[in-house]
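Scroll down for the structure; my scribbles are underneath it.
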Amino acid sequence: MKNNPVIIDLQNISVSFGEQKILNNISLQIHDGEFVTLLGPSGCGKTTTLRIIAGFLNPDEGNVIFEGKNINGVPPYKRQVNTIFQRYALFPYLNVYENIAFGLRLKKMKEKDIQAKVKEMLELVNLKGFGSRNIDSLSGGQQQRVAIARALAVDPRVVLLDEPLGALDLKLRKDMQVELKNIQQKLGITFIYVTHDQEEALSMSDTIVVMNNGEIQHIGTPTDIYNEPKNAFVADFIGESNILDGIMREDFNVEFEGMRFKCVDKGFSQNEPVDVVVRPEDVDIVPENEGMLKGEVTSVTFKGVHYEIIVDINGFKWMIQTTEKSEVGDRIGISVKPDEIHIMKKSEYSGLYGDYSSFSEEFDILSDPTVSEEDSE
Amino acid sequence: MKNSSVIQKLINAPYILWSVLFVIAPLIMVIYYAFTDRTGAFTLDNVKSIGDYLSTFILSVGYGAVATLICLIIAYPFAYFLAHTGASFQRMSVMLVMLPMWMSFLIRTYSWMTILGDSGVINSFLGRFGIEPLSMLNTPGAVILGMVYNFLPYMILPIYTVMAKMDGSLIEAAQDLGCGKLHCVKKVILPLSVPGIVSGITMVFVPSVSTFYITQKLGGGQINLIGDVIEGQFQTANNYNLGAALSLLLMVMILICLGVLGYFTDSEDEGGVLI
Ligand SMILES: Nc1ncnc2c1ncn2[C@@H]1O[C@H](COP(=O)(O)OP(=O)(O)OP(=O)(O)O)[C@@H](O)[C@H]1O
Ligand SMILES: [Mg+2]
């Protein structure tokens, strides 16, 4: 994918609405045929980024480059970019066929070619024979397919999808994820996909762009993002993480919780304060006397495939995912392998995430009179 | 379940009483009068003599159609631009559009007499420049003006309502698929505003066709529309039976017009637009 030429290049894009800065100096290169996902919490500027690429919004600063040409100010209808809207935005007064044919008619295509193209699209999205149906007689999933067919019918170079599966139920969502990915691979066109569902992002994307507060936090492949998160925000947003304060004593050696640990990271200055990430599934439970760290189990939740266990170690609450059951009150030890310790530079997000104290909050409030006093005020 | 249906009935009761009292009863009386003579015996004479008023009917429909068309031409762009301005300006403009509706219909029409009259506002203004008074009152133009002026808000409001609640993402979707600005009006905005247009046409055409007050005041009795004829039958000729027969025909005609219009819209969309 990275060998393909760059198709869209966002250069230092900034946007404000009034006083509020919505996008802050966004730079992003997207390659032809790539499946890129913009991932981030609500209000972080994902839709705004898409609207800039589609041409509905012009950036206050920065350039949008399409295949080497600056397209700032080029109106949406002249861009080879098509959007699949979150709430489908199908034309209610046209039937399925005419909705899909909408863009083709604007291109003044011959009726015969339109027919062939619509037929092809209906087959692509598994809606053969639905051509004459009214839009409001379709289910949500079917409307979604029509929206996809309508956008793809005009042979876009880039398709923008703004939380396209947001309104579908879980089962349908999973099916559509697979289907969308298949369509993208079959047609070989670039997809820019917006979601705030991290699982969806991890399973579909070639590249994930994690955003927060109008800034890009991390760009990378799903495995990069999961295994080597750039900062505490990314580590916390993608999957579950225990994030601890640490000090890099030297290359391959980090100290946290008053203990020295071997790790696989290097290139930090000596004694640099860092954030240490350990994924819950990477923590092994061992008998107390064999553990690198020891603590007491404060909560156990059955999650189907595994148990989610919260362990209090020197006041910091770790989350551990394991298939072996423990009981609340058990004293256990934990052990972590060197390559399962990930070191991050300190950032503005340090200390905000990665402690699971809130998991046993009721517990804390009951046992901690100061908290309940504050609460009742 | 049972409980709620009793409550339902109680809630509906005043409405049903209202319709019986003020809609169904008068309708039955109109039908009764239309098919009886002065003595109360059944007859078809009234209905047969309607034929004599065919030209009046056609003239009325003509006036109504012209007034409706002019209203539509004025209201559509107005509603469009109104719906695309700032929220506070919109509220104020809608207020201004509705303002005349709070004033008596009679006074509004009367005031046009003083504006258009031979010694009215316009002519006395022109007179200062030595221009001969124009005779504007008692012309077809004055009647049309009166209809347009009185009924324009009824065209603007429903169209404005559909415009204001139009889903912006549909317009964006169209642009995205290659629609220029002007094309968008034709391919998206117009079809989406059909329900508003239909309501507007109905609410302007029906009162225009059946008006008598506007023709009397601004047409000076020279232009006789079907409303005038019906009013004459009741007020002057005292022939309730012919008046009722003519009313009945007017009603049927209006129903047919509504039916034709309704054909152009999805029945489900229509209700939401009226208010
Ligand atoms: N037209 C606008 N005027 C003012 N503020 C806006 C406008 N559009 C978006 N915003 C603000 O910009 C911020 C980013 O919005 P955006 O729609 O890009 O978020 P998002 O990442 O898509 O969120 P979500 O996941 O909820 O869709 C939000 O705080 C929003 O309130
Ligand atoms: Mg959004």
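The values are calculated or read from the model by the stated rules, or taken from the named source; none is laboratory data. Since we're looking at a predicted model, the values are computed, not measured. So basically every Cβ, Gly included, is an ideal-geometry build from the backbone, and we count neighbours across all protein chains shown. Protein only, heavy atoms only, side chains kept; ligands, DNA and RNA dropped before computing areas. Shrake-Rupley method; radii C 1.70, N 1.55, O 1.52, S 1.80 Å.
Just for the range A:76-97: of the residues that are open to solvent by 30 Å² or more (accessible area, probe 1.4 Å), at the interface with chain B (Cβ under 7 Å from one of its Cβ atoms) and not basic (Lys, Arg), which one is nearest to ligand 1 (Cβ to nearest atom)?
Step one: of the range A:76-97, the residues open to solvent by 30 Å² or more (accessible area, probe 1.4 Å) are A:77-78, A:80, A:86-87, A:92-95, A:97.
From what is left, the residues that are at the interface with chain B (Cβ under 7 Å from one of its Cβ atoms) are A:77, A:87, A:93.
Restricting the remaining residues to those that are not basic (Lys, Arg) gives A:77, A:93.
Values: A:TYR77: 20, A:TYR93: 27 Å.
Within the range A:76-97, the match that is nearest to ligand 1 (Cβ to nearest atom) is A:TYR77.
Please name all residue pairs, on different chains or six or more residues apart, with Cβ atoms under 8 Å, provided the first residue is in the range A:32-48 and is part of a loop (DSSP other than H, G, I, E, B) and the second residue is within 9 Å of ligand 2 (Cβ to nearest atom).
Final answer for the pair search is A:GLY40/A:LYS46; A:GLY40/A:HIS196; A:PRO41/A:HIS196; A:SER42/A:HIS196.
Tell me whether the range B:87-109 contains one or more residues that are outside any helix (DSSP H, G or I) and within 19 Å of B:MET155 (Cα to Cα). First the steps, then the outcome.
From the range B:87-109, those outside any helix (DSSP H, G or I) are B:103-104; that's our starting set.
Checking which are within 19 Å of B:MET155 (Cα to Cα) leaves us with B:103-104.
Checked against the condition, which is being outside any helix (DSSP H, G or I) and within 19 Å of B:MET155 (Cα to Cα), the range B:87-109 yields at least one hit.
Would you mind telling me which numbered condition in (1) within 12 Å of ligand 1 (Cβ to nearest atom); (2) of a type outside the set (Lys, Arg); (3) within 24 Å of B:GLY180 (Cβ to Cβ); (4) in contact (Cβ under 8 Å) with a residue 40 or more places away in the chain A:VAL64 fails?
If we test A:VAL64 against (1) within 12 Å of ligand 1 (Cβ to nearest atom); (2) of a type outside the set (Lys, Arg); (3) within 24 Å of B:GLY180 (Cβ to Cβ); (4) in contact (Cβ under 8 Å) with a residue 40 or more places away in the chain, just (1) comes out false.
Quick one: count up the residues across the range B:171-207 that are out of contact with any Leu (no Cβ under 9 Å at 6 or more places or on another chain) and more than 14 Å from chain A (Cβ to nearest Cβ).
1
Failed condition for A:ILE100, given (1) in contact with a Gly (Cβ under 9 Å, 6 or more places away or on another chain); (2) surrounded by 17 or more Cβ atoms within 10 Å (Cβ to Cβ); (3) modelled with pLDDT under 95; (4) closer than 26 Å to B:GLY180 by Cα, with all others met?
Result: A:ILE100 passes all but (3).
Looking at this structure, is A:LEU23 in contact with a Gly (Cβ under 6 Å, 6 or more places away or on another chain) and either in contact (Cβ under 8 Å) with a residue 60 or more places away in the chain or assigned to a loop (DSSP other than H, G, I, E, B) (or both)? Explain how you work it out, then say what you get.
Numbers: in contact with a Gly (Cβ under 6 Å, 6 or more places away or on another chain): yes; either in contact (Cβ under 8 Å) with a residue 60 or more places away in the chain or assigned to a loop (DSSP other than H, G, I, E, B) (or both): yes.
For A:LEU23, the condition - in contact with a Gly (Cβ under 6 Å, 6 or more places away or on another chain) and either in contact (Cβ under 8 Å) with a residue 60 or more places away in the chain or assigned to a loop (DSSP other than H, G, I, E, B) (or both) - is met.
From the list A:ILE52, A:ILE26, A:ILE22, which one is within 12 Å of ligand 1 (Cβ to nearest atom) and within 14 Å of chain B (Cβ to nearest Cβ)?
Sole residue among the options that is within 12 Å of ligand 1 (Cβ to nearest atom) and within 14 Å of chain B (Cβ to nearest Cβ): A:ILE52.
If only one of A:GLY188, A:GLY258 is assigned by TED's automatic domain parsing to the domain that holds A:GLU272, more than 11 Å from the chain's Cα centre (by Cα) and either modelled with pLDDT of 95 or more or on the phi > 0 side of the Ramachandran plot (or both), which one is it?
Every option except A:GLY258 fails the conditions.
Going by the conditions given, is A:ASN58 in a loop (DSSP other than H, G, I, E, B), over 14 Å from A:VAL210 (Cα atoms) and either within 16 Å of ligand 2 (Cβ to nearest atom) or more than 24 Å from the chain's Cα centre (by Cα) (or both)? Steps first, please.
Values: in a loop (DSSP other than H, G, I, E, B): yes; over 14 Å from A:VAL210 (Cα atoms): yes; either within 16 Å of ligand 2 (Cβ to nearest atom) or more than 24 Å from the chain's Cα centre (by Cα) (or both): yes.
It is true that A:ASN58 is in a loop (DSSP other than H, G, I, E, B), over 14 Å from A:VAL210 (Cα atoms) and either within 16 Å of ligand 2 (Cβ to nearest atom) or more than 24 Å from the chain's Cα centre (by Cα) (or both).
Do the conditions hold for A:ALA147, that is, is it under 23 Å from B:ASP167 (Cα atoms) and within 13 Å of chain B (Cβ to nearest Cβ)? Can you show your working first?
Values: under 23 Å from B:ASP167 (Cα atoms): yes; within 13 Å of chain B (Cβ to nearest Cβ): yes.
Answer is yes for this residue.
Of all residues in the range A:34-71, which are open to solvent by 40 Å² or more (accessible area, probe 1.4 Å) and among the hydroxyl-bearing types (Ser, Thr, Tyr)?
Across the range A:34-71, the qualifying residues are A:SER42, A:THR47.
Mind checking which residues of the range B:179-224 are assigned to a loop (DSSP other than H, G, I, E, B) and open to solvent by less than 30 Å² (accessible area, probe 1.4 Å)? So that I can check it myself, show each step before the final result.
First pass over the range B:179-224, keeping only residues assigned to a loop (DSSP other than H, G, I, E, B): B:179-180, B:211-212, B:219-224.
Matches in the range B:179-224: B:CYS179, B:GLY180, B:THR211, B:GLY219, B:ILE223.
Condition check: within 13 Å of another protein chain (Cβ to nearest Cβ) and open to solvent by 30 Å² or more (accessible area, probe 1.4 Å). Does A:LYS107 satisfy that? It would help to see each step written out before you state the result.
Working: within 13 Å of another protein chain (Cβ to nearest Cβ): yes; open to solvent by 30 Å² or more (accessible area, probe 1.4 Å): yes.
Considered against the rule, which asks whether it is within 13 Å of another protein chain (Cβ to nearest Cβ) and open to solvent by 30 Å² or more (accessible area, probe 1.4 Å), A:LYS107 comes out as yes.
Here is a yes/no grid of residues against (1) among the hydrophobic types (A, V, I, L, M, F, W, C); (2) open to solvent by 10 Å² or more (accessible area, probe 1.4 Å); (3) more than 13 Å from ligand 1 (Cβ to nearest atom):
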site	(1), (2), (3)
A:THR190	no, no, yes
A:PRO222	no, yes, yes
A:ILE225	yes, no, yes
A:LYS230	no, yes, yes
